[in-house]
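Right, one structure below, let's go through it.
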Amino acid sequence: MKQKTPQEKKALSYAKDRRNVYGESDKGSLVAIRRNKTFPTRAYRKAVNDVLHDTVGEIDLEKAELIDAKAKEIKRRQWKKYPDAPLGEFITRFGQTKVSHRLKIRNSENDEEINLTIEAEQEKDGRWSAEITELNNVSVCCKKREEAIQKVKILALQVLPDGFMDFEEAE
């Protein structure tokens, strides 16, 4: 049997492992699943017992058949758990909502450097908002993350004093 590489193991994990995306905590869903499975069964048993216990007195064959037909007419309700999402889908849906970049900007006149942080976050409507945390009120919203980051860089260069020229990636 061929030993799997770490990349193969990760791809297999992303495909097979699953995560709860219903919107409740994973601990709460453990209790809720058991409880939600018991309610339909409990209601079914109660309805059948109500039909069977309503018979008072002697039971002849005709009355027994009628009671049996009423009991068989009662349908058991079904409850089905909302399916969990594969881990790979979960990560792409919920993991990429916030990205931060560290940048340096240099003043060409006196070799002064400023370190800035750009945080790009995906909104619920799908748009990306990017802002520079060190500069107040410098933020933009765009359809794509890269576009938002580029526009917030341009806006920062307009807000900063003269002499600050261009960004470079910081370590």
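The values are calculated or read from the model by the stated rules, or taken from the named source; none is laboratory data. Quick caveat, the model's predicted, so the values are computed rather than measured. Because the Cβ atoms are built from the backbone with ideal geometry, glycine has one as well, and the counts that use them run over all protein chains shown.
Data table
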{"read-out": "Unmet criterion (only one of (1) surrounded by fewer than 13 Cβ atoms within 10 Å (Cβ to Cβ); (2) within 30 Å of E119 (Cα to Cα); (3) of a type in the set (D, E, K, R); (4) modelled with pLDDT of 75 or more) for K98", "value": "(4)"}
{"read-out": "Counted residues, the stretch 1-37 - those being under 23 Å from G88 (Cβ atoms), among the charged types (D, E, K, R) and without any contact (Cβ under 8 Å) to a residue 40 or more places away in the chain", "value": "7"}
{"read-out": "Candidate set from the stretch 41-81 (those that are surrounded by 11 or more Cβ atoms within 10 Å (Cβ to Cβ) and under 23 Å from N20 (Cα atoms)); member that is farthest from the chain's Cα centre (by Cα)", "value": "W79"}
{"read-out": "Residue match in the stretch 55-68 (condition: basic (K, R) and under 30 Å from T92 (Cβ atoms))", "value": "no"}
{"read-out": "Residue list for the stretch 10-27, filter: surrounded by 11 or more Cβ atoms within 10 Å (Cβ to Cβ) and in a helix (DSSP H, G or I)", "value": "K10, A11, L12, S13, Y14, A15"}
{"read-out": "Close pairs (7 angstrom Cβ cut-off, 6 or more residues apart or separate chains): assigned by TED's automatic domain parsing to the domain that holds L116 and under 13 Å from I118 (Cα atoms) in the stretch 143-171, modelled with pLDDT under 65 and not in a loop (DSSP other than H, G, I, E, B) anywhere", "value": "K153/F167"}
{"read-out": "Failed condition for R76, given (1) assigned to a strand (DSSP E or B); (2) more than 30 Å from V159 (Cβ to Cβ)", "value": "(1)"}
